[in-house]
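First the structure, in the form of structure tokens, and then the observations on it.
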Amino acid sequence: KQEVTQIPAALSVPEGENLVLNCSFTDSAIYNLQWFRQDPGKGLTSLLLIQSSQREQTSGRLNASLDKSSGRSTLYIAASQPGDSATYLCAVSLTGNQFYFGTGTSLTVIP
Amino acid sequence: SQTIHQWPATLVQPVGSPLSLECTVEGTSNPNLYWYRQAAGRGLQLLFYSVGIGQISSEVPQNLSASRPQDRQFILSSKKLLLSDSGFYLCAWRTTYEQYFGPGTRLTVT
């Protein structure tokens, strides 16, 4: 069974700082990896999707990388803003049909 | 564009009462649909997924069940709720590669 771990569980940074969130998974034969954002009491918003054949994806201030061989993905957030405060979740799919989620990193950006 | 709806948004139910949560998707046909539960301080747990009408796969045996009576409708049910059923229930659908989530239902069992 795929195990997904996210470190750190919580992170607090001052506004403007660049930061990296980590996601590791145990089975490297993934179909794809998806990063989500979750605001308190809300559903998940898709941020970035990386296919197994890709090494990174970028959207605005966000950059996600994937290293399948080491079972790791990182989400880089540049020039963090208070509006970035949320919980960030990564999810991996082995077959495209079943998704395994990490427990998330709770990010607080201090103005 | 595709939209996913869930209702109710919040629900407070006593132990032993029945449950019915509904999820509907607009703007797509024959979607793969998923039910997840997110308990306080824990990650998302996949409960059920469906690849078509009447086709349900269960990931975790428990007192919950799911049904898909129509192509874009997914229902989560229970005959008798337990305290441990409290949590945030999320419905999702999948495109070829990505998952998209509904707004969720907050269930509190008292």
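Any read-out appearing in this document is the output of simple, stated calculations on the displayed coordinates, not a laboratory observation. All figures in this text were calculated on a predicted structure; none of them were measured in a lab. Cβ placement follows ideal geometry from the backbone for every residue including glycine, while neighbour counts extend to all protein chains displayed.
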Fewest to most Cβ atoms within 10 Å: A:Ser93, A:Ser65 sort as A:Ser65, A:Ser93
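Compute the relative contact order of chain A as a whole-number percentage, counting only Cα pairs closer than 8 Å that sit 6 or more residues apart in sequence. Kindly include the intermediate steps, with their values, before the conclusion.
Working: 283 pairs, mean separation 41.5, N = 111.
Result for chain A is 37 percent.
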Of all stretches in chain B that avoid trypsin sites (Lys or Arg not before Pro) placed in a DSSP loop and having at most 15 other Cβ atoms within 10 Å, the longest is B:1-41
Square roots of five times the C-alpha gyration tensor eigenvalues of chain B, ordered largest first and given in whole Å, equal 23, 14, 13
Evaluated at 4 °C and 1.567 mPa s, the Stokes-Einstein D of the range A:24-63 based on the Kirkwood radius over Cα pairs, in µm²/s, stands at 111
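Which GluC sites (Glu not before Pro) in the range A:7-75 sit in a loop by DSSP (not H, G, I, E or B) and have at most 15 other Cβ atoms within 10 Å of their own Cβ?
On the way: sites: A:Glu15, A:Glu17, A:Glu56; in loops: A:Glu15, A:Glu17.
Those that pass, being in a loop and sparsely packed, are A:Glu15, A:Glu17.
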Rh (Kirkwood, all Cα-Cα pairs) for the protein assembly as shown, Å, reads 18.0
Taking every residue of B:77-88, the Cβ atoms of other protein chains inside 10 Å of its Cβ average out to 0
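Taking each residue in B:67-74, count the Cβ atoms of any other chain within 10 Å of its Cβ, then average. What number comes out?
Values: counts 0, 0, 0, 0, 0, 0, 0, 0.
What the average comes to for B:67-74 is 0.
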All alpha-carbon distances of the range B:18-76, grouped into 10 Å bins from 0, give the whole-percent distribution 23, 54, 21, 2
Sorted largest first, the Cα spans of chain A on the principal axes come out in Å as 41, 27, 20
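Run the numbers for B:Gln70 and B:Leu83: contour at 0.36 nm per residue of separation, minus the present Cα-Cα distance, in nm. Provide the component values of the computation, followed by the final result.
Details: separation 13, 0.36 × 13 = 4.68 nm, distance 3.00 nm.
Contour length minus the Cα-Cα distance gives 1.7 nm.
By counting other Cβ atoms within 10 Å of each Cβ, how are B:Val109, A:Val92 ranked from fewest to most? Mind showing how you got there, number by number?
Working: B:Val109 19, A:Val92 29.
Least crowded to most crowded, the residues run B:Val109, A:Val92.
Lysine pairs in the protein assembly as shown with alpha-carbon atoms under 29 Å apart, 8 or more places apart or on different chains: how many are there? Write out the running numbers ahead of the final one.
Details: A:Lys1/A:Lys42; A:Lys1/A:Lys68; A:Lys42/B:Lys79; A:Lys42/B:Lys80.
Taking the protein assembly as shown as the scope, the lysine pair count is 4.
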Within 10 Å of the Cβ of an average residue in A:37-44, the count of other chain Cβ atoms is 5
At R0 = 25 Å the Cβ-Cβ FRET efficiency linking B:Asn30 and A:Thr45, nearest 0.05, sits at 0.55
